[in-house]
Amino acid sequence: MQPSNEFLTPEECAEVDKALLTSREKFSARVAIYALRSLRQIAQENTTSITQLDPQQIEDWVYQDESLQTGLDREFRQFFAQLVIASLKPLKQIAQEAGVAIEALTVSQVIIWFERQAKVNLDKA
């Protein structure tokens with residue numbers, strides 16, 4: 001996988017933008033998609049699966065991600081690393097529901113899951 005210097009690709013952004021989600025839900029979906037791409041890279045570099053990564057490996061990688069270097073301070077990168085680590089929870093749920101490994105998830109599957117969760121939350125309200 002080629003490293004990207006963009007947070008999300010234009011195609012990924014377009015796919016999230018057309019989803020039936022609130023701004024907050026779109027943010028969460030964007031973070032999950034970034035996390036999925038990043039976690040794939042981290043796992044590949046460490047020759048392990050995503051589920052075997054430890055938080056320190058993820059944090060170290062986020063600190064070095066070129067797309068997060070410009071104009072951001074250490075506290076923000078630390079906060080963002082925690083967001084990526086937290087994204088493992090929904091990614092595991094999505095993978096389990098799809099019956100695939102996290103590494104095999106697609107952007108579409110992630111967005112569809114967030115849309116379903118939004119509908120569930122709306123129905124509860």
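Computed from the coordinates by the stated procedures, all read-outs in this text should not be read as laboratory data. Predicted, not measured: the structure shown is a model, and the values here were computed from it. Don't worry about glycine lacking a Cβ; one is built from the backbone with ideal geometry, like all the others, and counts go over all protein chains shown.
Using only the C-alpha atoms, the convex hull of the chain corresponds to 113 Å³ per residue.
Most exposed first by the Cβ proxy, i.e. fewest other Cβ within 10 Å, how do E75, E103, E12, E25 rank?
Working: E75 8, E103 15, E12 21, E25 18.
In order of increasing Cβ crowding within 10 Å: E75, E103, E25, E12.
Take every Cα pair under 8 Å whose residues are at least 6 apart in sequence, average their separation, divide by the length of segment 1-121, and the relative contact order is 34 percent.
In order along segment 88-94, phi translates into HN-Hα couplings of 4, 4, x, 5, 5, 5, 4 Hz, rounded to whole numbers, per the Karplus curve 6.51 cos²θ - 1.76 cosθ + 1.60 with θ = phi - 60° and x for Gly and Pro.
For the pair A98 and I112, label points projected 7 Å from Cα toward Cβ lie 0.9 nm apart.
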